[in-house]
Structures are given as structure tokens and as C-alpha cells.
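All remarks here apply to the structure that follows.
The values are calculated or read from the model by the stated rules, or taken from the named source; none is laboratory data. Everything numeric here is computed off the predicted structure, so don't read it as measured data. Every residue, glycine among them, receives a Cβ derived from its backbone with ideal geometry; neighbour counts consider all protein chains shown. Remember, those area values only see protein heavy atoms, side chains included, never the ligands or the DNA or RNA. Shrake-Rupley method; radii C 1.70, N 1.55, O 1.52, S 1.80 Å.
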Amino acid sequence: MDRIRDLASKKAAVIFTKSSCCMCHSIKQLFYELGASPAIHELDEEPSGTEMEKALQKLGCSPSVPVVFIGGKYVGSSKDIISLHLDGSLKQMLIDAGAIWF
């Protein structure tokens, strides 16, 4: 869990994903389209990815990926991110965290 917190706090937007996950790809694309350049951690390519995935599940992440942190804070999974995007608050969260700017 310490590794998750450490990685989540190093950049304004952080996404934990798996390279074969279609929802992970969609969330990454959404962030790019909003102008953010998040840190991406592909758990299936990380040496400690299995342990990191278990730590994310202990946070209550189900499914375990994608998991998004903005401003070092846990925001949620794909359904949470899509809901925030649809209600217009995701972009503001990214601006407030310094992940995108104008």
C-alpha cells in the first residue's frame, strides 16, 4: 500500500491499469482528450504489479483496474470517472490538481 500511495502522490493524475484492459484504455484516452498527461502504471508490466493489484483491491477497487488518483487522492474506478466526466466535475478536478491548465 505504501508503494501505491507513493506513486499516487508523485504526479497530479495517476492511473493504475493493465495493458489488456479495454476500460483502462478508454479512461487513459479520456484523460488525454481532456489535456491531461497522467502517470500510467501498467500492473501487468510492473515487477510488483500483483502485490499492487491486491493493495488496490483492499482499497475497495472492484474491478481492480482502472484505478484513478487525482491530486494524490483516490477518485475511483472507470464508472466513477465516467460519472464525474458526465457531470462536468472531472475536468475541474484535473485543473484544481494541476493536471491540466489554461
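Remarks
- Residue count for region 74-102, restricted to those that are without any contact (Cβ under 8 Å) to a residue 12 or more places away in the chain and touching a His at 6+ places or on another chain (Cβ under 8 Å): 0
- If you check 61, 21 for being touching a strand residue (DSSP E or B) at 6+ places or on another chain (Cβ under 6 Å) and crowded, with 16+ Cβ neighbours inside 10 Å, only one passes: 61.
- Residue pairs whose Cβ atoms lie under 6 Å apart, separated by 6 or more positions or on different chains, with the first residue in region 61-72 and under 13 Å from residue 24 (Cα atoms) and without any contact (Cβ under 8 Å) to a residue 40 or more places away in the chain and the second of a type in the set (S, T, N, Q) and open to solvent by less than 40 Å² (accessible area, probe 1.4 Å), do not occur.
- Counted as qualifying within the chain are the helices (runs of 4 or more DSSP H) with 3 or more residues that are modelled with pLDDT of 95 or more and of a type outside the set (Val, Ile, Thr), namely 22-33, 78-86, 89-97.
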